[in-house]
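Read the structure below first, then the notes.
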Amino acid sequence: MQTRAWAFGIAVAVCLMWCGVAAPPAHAAVPPPPVPLDGAPFGINSHLATRTFDLSVMETAADLVAQSGAGWAREDIHWFRIQPRPDVWDWTFTDRAIALLHQRGIAIVAVIGHPPGWATPWPHDAAAGVSFYAPDPRRFAQFTAAVVSRYRSVVTHWEIWNEPDNVHFWKPAPDARAYATLLKWASAAVRRADPAARVILGGINPFDTSFLTTVAAEGAWPSFDILAIHPYVNPRSPEQGRLERAGDAVRTVMERYGARPLWVTEIGWSSGVGDRQPDDSIDERDQADYLVRALLLLWQAGVERIFWYTLKDDPGNPYGLIAESDGYHDYSRPKPAWHAFRHLSMLLRDTSFVGLRDLYRRAIVFDFENLGSWRVGDQPNGTLTATNDARFAGRSAARLAYRFSSTANDYVVFRREKPIPLPSGTRMLGMWVFGDGSGHALKAWLRDDTGEILQVTLGLAGPAGWRFLGATLPAVVPAWDRITEGGDGRFGERVWLEALVLDDQPDGARGAGAIIIDELTAAQGIEAYNLQLRGADRDIDIVWSPTPLTVALASASTAATVSAWDAAPQRITRDARGQLVLRSGPTPRIIEHRR
């Protein structure tokens, strides 16, 4: 077995210096490059029309949206509130919310949904109350046409429904075929009322593509211009949740049906117990730090627009930038997350992406030059063979061929007769993969010195081209990824690669294909990140690390400005070695200088 060092950073005592990092090889397939950030790059789910029940305080809420630096707001258009009966229309709150945001120069995404009971076939919802059963698509299209005609001079982006793949918002259960029909009718209504408008598919879970694939198969792909996702990973951190990979699965669907801009119209963490968070392990400071890191990671992964959820805390669900305090009408206490959003929005205006670096030390632990013996598991759904037709490096790679034929969960396991040892202290594991566009999940079974076998998902097989798929080893592996029973879900001191797995995504996806894999790579060292940007008259480095440490950045400037959401800007000077030395931690630090 050949072992080669692949260094992204150099550790010297407690002072860490980011060095030049080689670009990916020219034959590597990568996600779309980040779009340059404009004058107001990020958005907020504002909910002025639907969660501000007093018109007199709506202006205060709109002021806070504007003062945050948000360039966009996502507003709900609740059908049941506007048209509680077929012959009654009340635009009061929606008119006011749209006008206040527009007056402040904030662009608007309007989400059309929440039908009244009278417009759905379900007989048990109040006629004038909200229903989450699918409405008659013709009636929905008529309402859509009325809304777009009313606001077409102000609103240009229309999202059709919110989370149609979520059982809470589509009763009695999500139905992709029914949503596809609704989307086609609504999209046609939008485009008739305003041919220049942009239609957004309504905010789906990106980690399971079965809903999206069915929508596409039903012929609804031409009915939207932008694909919106809601990649919630809480209570995990943005890095633990691998937020930068949130778009991978839906991009494999785009490969088959056509590219679309990718927007995140909801992302957030609650600062305490919430609907996705059973405890108070995340506080207001954590929420602010996660906000900054999430927006940065999503943007560098090619997401064009990102909207934080939400402006104001809901009772028992503190996702907001503004604390609940004395209720819906009390906007007196912006939380740390509001200050973090404002700080990031103001400093990142009109900047462009340069690169993202980390401080891991990488080493190739298996190069596939000598494949050795691998035994297929109980499901004989594929083969693993040596190939030199395509390879990332060296003379040989491995071809993993599969055939999934059932409508249930299909997978294929290849166990190595001699498990591959990983270096002590391995923090990340990955390999180079030449994809086939299937979106199937490549996983690794890792056995530790206690005999426990734990599963880690490396990533999804993307389009043709080489791409590195890798995952950080979690401190505790969730129960569903524990292959053996009776263990504690934690990796021991010594770890071996026991097997490679290809798992169908989504379950029941049938078909045959092959991917090429090469250069199994392990990473050790300190978890730290350096996002590099460029503005019109300055360079920007943003650094953060879960564990506090000292970092040193090479700089052409004699002095630099360092800021964070929780501290006033300060000037630091370059040392005798031409480096800017500063402390890093969970709160990202923004350094403005010249590289």
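The numbers here are math on the coordinates, done by the rules we state, and not lab data. Everything numeric in this text was worked out from a predicted model, so none of it was measured. Every residue, glycine as well, gets a Cβ built from its backbone with ideal geometry; the counts of neighbours run over all protein chains shown.
Fewest to most neighbouring Cβ within 10 Å: what's the order for 319, 411?
Numbers: 319 27, 411 20.
Ascending Cβ contact count within 10 Å gives the list 411, 319.
Quick check: net charge around residue 518, other residues with Cβ under 9 Å of its Cβ, Lys/Arg +1 and Asp/Glu -1? All intermediate terms of the calculation are to be shown ahead of the outcome.
Values: positive: 391; negative: 367, 519.
Every neighbour counted, the sum reads -1.
Between 0 and 90 degrees, rounded to the nearest ten: what's the tilt of helix 137-151 against the longest Cα principal axis of the chain?
80
So for 577, 81, 427, fewest C-beta neighbours within 10 Å to most, what's the order? Write out the running numbers ahead of the final one.
Numbers: 577 10, 81 20, 427 16.
Going from least to most buried by this count: 577, 427, 81.
Less than 14 Å Cβ to Cβ from residue 538, Lys/Arg counted +1 and Asp/Glu -1: what total charge do the surrounding residues give? List each step's numbers first, then the result.
Working: positive: 349, 534, 571, 594, 595; negative: 350, 537, 539, 541, 592.
That sum, taken over residues with Cβ under 14 Å, equals 0.
Run the quick spin-label model on residue 59 and residue 536: label points 7 Å from Cα toward the beta carbon, then report their separation in nm to one decimal.
Taking the two extended label points, one gets 3.3 nm.
Output ³J(HN,Hα) for segment 41-57: one whole-Hz value per residue in order, computed from phi by the Karplus curve 6.51 cos²θ - 1.76 cosθ + 1.60 with θ = phi - 60°, and x for Gly and Pro.
Those phi angles translate into x, 10, x, 9, 6, 8, 6, 5, 6, 10, 10, 10, 8, 10, 4, 5, 9 Hz.
With an 8 Å Cα cut-off and a minimum separation of 6 or more residues, compute the relative contact order for the chain in percent.
Details: 1447 pairs, mean separation 83.8, N = 595.
Normalised by residue count, the contact order of the chain is 14 percent.
For segment 549-565 and segment 445-521, compute the distance between their C-alpha centroids and round to whole Å.
Between the Cα centres of segment 549-565 and segment 445-521 lies a distance of 38 Å.
Percent of Cα-Cα pairs per 5 Å bin, from 0 to the last occupied bin, for segment 205-307, please list those.
Histogramming segment 205-307 at 5 Å steps yields 2, 13, 23, 22, 16, 11, 8, 4, 2 percent.
If the cut-off is 27 Å between C-alpha atoms, which lysines fall inside it for residue 171, apart from same-chain ones fewer than 8 positions away?
Within the straight-line limit of under 27 Å, residue 171 reaches these lysines: 184, 312.
I'd like the distance separating the alpha-carbon centroids of segment 127-202 and segment 379-403, in whole Å.
45
Counting Lys +1, Arg +1, Asp -1, Glu -1, what net charge surrounds residue 409 among other residues with beta carbon under 11 Å of its beta carbon? Walk me through the numbers before you get to the answer.
Details: positive: none; negative: 410, 503, 504, 507.
Charge balance in the 11 Å sphere: -4.
Let me know the whole percent of all Cα-Cα pairs from the chain that are separated by more than 46 Å. Before the final figure, lay out the partial values.
Details: 32862 of 176715 pairs.
Everything past 46 Å amounts to 19 percent.
Stretched out fully, how many nm does the piece from residue 103 to residue 210 gain, at 0.36 nm a residue minus the Cα gap? List each step's numbers first, then the result.
Numbers: separation 107, 0.36 × 107 = 38.52 nm, distance 4.06 nm.
Taking residue 103 through residue 210 to full extension adds about 34.5 nm, to one decimal.
How many percent of DSSP beta bridges within the chain run antiparallel, rounded to 5?
Values: 101 of 138 bridges.
So the antiparallel bridges amount to about 75 percent of the total.
Compactness ratio of segment 330-474: Cα Rg over 2.2 N^0.38 Å, N = residue count?
1.42
Give me 572, 160 sorted ascending by neighbouring Cβ count inside 10 Å, so fewest comes first. Numbers along the way, then the final one.
Working: 572 16, 160 28.
Fewest to most other Cβ atoms nearby, the residues stand as 572, 160.
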